[in-house]
1. Calculate the spin-label point distance for residue 228 paired with residue 102, positioning each point 7 Å from the Cα along the beta-carbon direction, and give it in nanometres.
2. Filter 78/140; 79/170; 78/235; 170/221; 78/214 down to the pairs with a C-alpha to C-alpha distance above 31 Å, please.
Amino acid sequence: MITVEEGAPLIIAPALLGFIDAVLLFVMPKEEFDERYNFKYLNREYGEDYSRPARRPAPRSKPKALPAAPAHPERFFKKRGVEHFRRYNYEAAIDDFLEALDHYYEDPITHFNLACCYSRLEDEEEALHHLSEAVAFGFKDIKKIHTHASLAFLRATPGFEDFVSNGYQKLSEKKAAPAPPQPVKAESPEPEEEEPASGLELNLSDDLLDQIVKLGELRDKGILTEEEFSAQKQKMLNG
């Protein structure tokens, strides 16, 4: 507090305080002056521009929305599986085709594509399984089964011959044993039997006879030639 005489002008006090601040400023060391008032010094010392107002952070962009799930996922996976197959990546193609079957198992084309993939990988068991499923679900292009390049390995396997002779269906791993013949009663007259034209015995099982009948139907449709029919029939009889 500064005491002044009564009646003195009020401007004396502020002027006196300003004079004191000016004296202190003039006698202030240069280092202290730079730290307090020199913006260039502050910029060099701290790497920031204190002479400009602080910038506001840029607003964050909204996160991108995830792509919507495809309306028909089985088509998406089947299409991607075909692309992998054309690049000879059969394992990836199998994964996509199996994923497509999870959404639509009754698709015969997907089963046929899987048969081609497994045939390329020389997996006879899986190739026959999916080829059989393709026919069961309506695959009717029998010619493609016998000519498609990707099924070349499968066509060279013994299982494929059984598959064709069984009406384009995979045989079960274990065939049912034929029922033992029932003993004929003594009082029953034994029926007369005709001599078979091909010299075959008449004690063939019903299962084998059905297979021969189906084999003959394939020959009649032109799918098998006479030589193929005879070879397949002979093989079944010898088995």
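1. Placing both labels 7 Å beyond Cα along the Cβ direction yields 3.8 nm.
2. Values: 78/140 20 Å; 79/170 27 Å; 78/235 39 Å; 170/221 20 Å; 78/214 34 Å.
From the list (78/140; 79/170; 78/235; 170/221; 78/214), the Cα-Cα distance tops 31 Å for 78/235; 78/214.
Rule-based calculations on the coordinates, nothing more; no lab input. Here the structure is a predicted model, which means the values were calculated and not measured. All Cβ positions, even for glycine, are placed from backbone atoms using ideal geometry, and neighbour counts span all protein chains on display.
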